[in-house]
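Step one of this worksheet: look at the structure below.
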Amino acid sequence: MNSITQVMKFRRSMVEYALKHGVTKTAIKYNTYRQYVYRWLQRYDGSLESLRNKSRRPKHHPKAHTVAELKLIQNMRRRNPEAGLVVFWVKLRQRGYSRSITGLYRTLKRIGMTPVKPPNPKYVPKPYEQMLYPGQRIQIDVKFVPSACLTGEAKGKRFYQYTAIDEFSRWRYVEAFEEHSTYSSMIFLVHLVQAFPMPIECVQTDNGPEFTK
């Protein structure tokens, strides 16, 4: 609902004064031009709504979409309700549409035919693969050891902790290295194979540079 503004109340007061005392006295009293008073006298029909500013938006535009173009857009949108703006514009261009993509976007928004976003598929978590025997898969991870955890001769140095855990038995092997590199990873794997009591079939890492480079 349109609200009644102070300007509209001012115009009503001015018009009612002009009806009683004339245009010239009104222009002097309200410090305005006589043409301004005449204009609102002509528009005034006794209601405040007649004193509201009219829209300056043009009713017709020389570059507006034609009826045929609007019909093409509506028909294509019914066939492609989920197509994105670029894909939809390309499909229209293949059928003779010559407008810009920005013009198409404004038209789709104006007629309420923007793309219909399909609902997101329900997430179904993948069941975790349970290991059947020791050594089937071993997880390896590397973490930086905080300086607060170091004591004695190790204090002031940098260490990286390599940890291997067997997924079936939860058997764990831990070793620390001063260097975070593929060489340290290789040494750790050699020691892991020697320490684990059974053959190792698979080793899983986070594909960090200490394993891939």
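Here the sum of -39500 (n - 2.57) over DSSP H runs of 4 or more residues, divided by the residues of the chain, equals -11500 deg cm²/dmol at 222 nm, to the nearest 500.
Taking a ≥ b ≥ c as the square roots of the eigenvalues of the Cα gyration tensor of segment 67-110, is the shape rounded (a/c under 1.5), prolate (a/b larger than b/c) or oblate? Note, shape of segment 67-110 comes out rounded.
Working from Cα pairs under 8 Å separated by at least six residues, relative contact order for segment 138-212 is 32 percent.
Were the residues from Gln6 through Val145 laid out at 0.36 nm apart, the gain over their Cα-Cα distance would be 43.0 nm. Across the chain, the volume of the C-alpha convex hull divided among the residues equals 366 Å³ per residue. Against the chain, whose longest principal axis comes from its Cα atoms, helix 182-195 is set at around 50 degrees. Ordered by the count of other Cβ atoms within 10 Å of each Cβ, fewest first, Asp141, Asp166 give Asp141, Asp166. Around the Cα centre of segment 6-51, unit charges on the Cβ atoms of Lys, Arg, Asp and Glu (plus for the first two, minus for the last two) sum to a dipole of about 180 debye.
In a fully extended conformation the segment linking Cys202 and Arg43 would gain 48.5 nm over its present Cα-Cα distance, using 0.36 nm per residue.
Restricting attention to the chain, close to 85% of DSSP beta bridges with both partner residues there are antiparallel.
The dipole here belongs to the chain: it is taken about the Cα centre, uses +1 on the Cβ of Lys and Arg and -1 on the Cβ of Asp and Glu, and is about 3480 debye. Residues Arg79, Arg34, ranked from the fewest to the most other C-beta atoms within 10 Å, line up as Arg79, Arg34.
Dipole orientation for the chain: of the candidates Gln94, Val7, Phe211, Val7 has the Cα lying most toward the positive pole (charges on Cβ; Lys, Arg +1; Asp, Glu -1). Ordered by the count of other Cβ atoms within 10 Å of each Cβ, fewest first, Ser185, Ser98 give Ser98, Ser185.
With contacts taken as Cα pairs under 8 Å and at least 6 residues apart, the chain reaches a relative contact order of 13 percent. What separates the Cα centres of segment 11-55 and segment 89-134 is a distance of 55 Å. For Arg110 and Arg57, compute 0.36 nm times the residue count separating them, minus their Cα-Cα distance, and round to one decimal in nm. Taking Arg110 through Arg57 to full extension adds about 17.6 nm, to one decimal. Could you list the chymotrypsin sites (Phe, Trp or Tyr not before Pro) in segment 2-44 that lie in coil according to DSSP, counting only those with at most 11 other Cβ atoms within 10 Å of their Cβ? Those satisfying the criteria are Tyr33. Taking 7 Å steps out from each Cα toward its Cβ at Gln194 and Asn31 produces label points 9.8 nm apart. Sites listed here are GluC sites (Glu not before Pro) in segment 145-213 whose DSSP assignment is loop and whose Cβ has at most 13 other Cβ atoms within 10 Å: Glu178, Glu179, Glu201. Name the residue farthest towards the positive end of the dipole of the chain from the options Tyr160, Thr66, Thr107, assuming +1 on Cβ of Lys and Arg, -1 on Cβ of Asp and Glu, about the Cα centre. So the residue we want is Thr66. Sparse packing (at most 15 other Cβ atoms within 10 Å of the Cβ) combined with a DSSP loop state is found for the following chymotrypsin sites (Phe, Trp or Tyr not before Pro) in segment 47-131: Tyr123, Tyr128. Amide hydrogen proximity for Val203: with H placed 1.01 Å from N in the peptide plane, the residues at 5 or more positions away or on another chain lying under 5 Å are Ile138. Taking 30 Å as the straight-line reach from the Cα of Lys9, the lysines in range (excluding those fewer than 8 positions away in the same chain) are Lys20, Lys25, Lys29, Lys54, Lys59. Measure nothing but the geometry: give the 0 to 90° angle between the long axis through the Cα atoms of 6-21 and the longest principal axis through the Cα atoms of the chain, rounded to 10°. The angle comes out near 0 degrees.
Taken together, the values in this text are just the output of simple stated rules run on the coordinates, not laboratory data. These numbers were taken from a predicted model, which means no experiment stands behind them. Cβ: placed from backbone, ideal geometry, glycine included. Neighbour counts: every protein chain shown.
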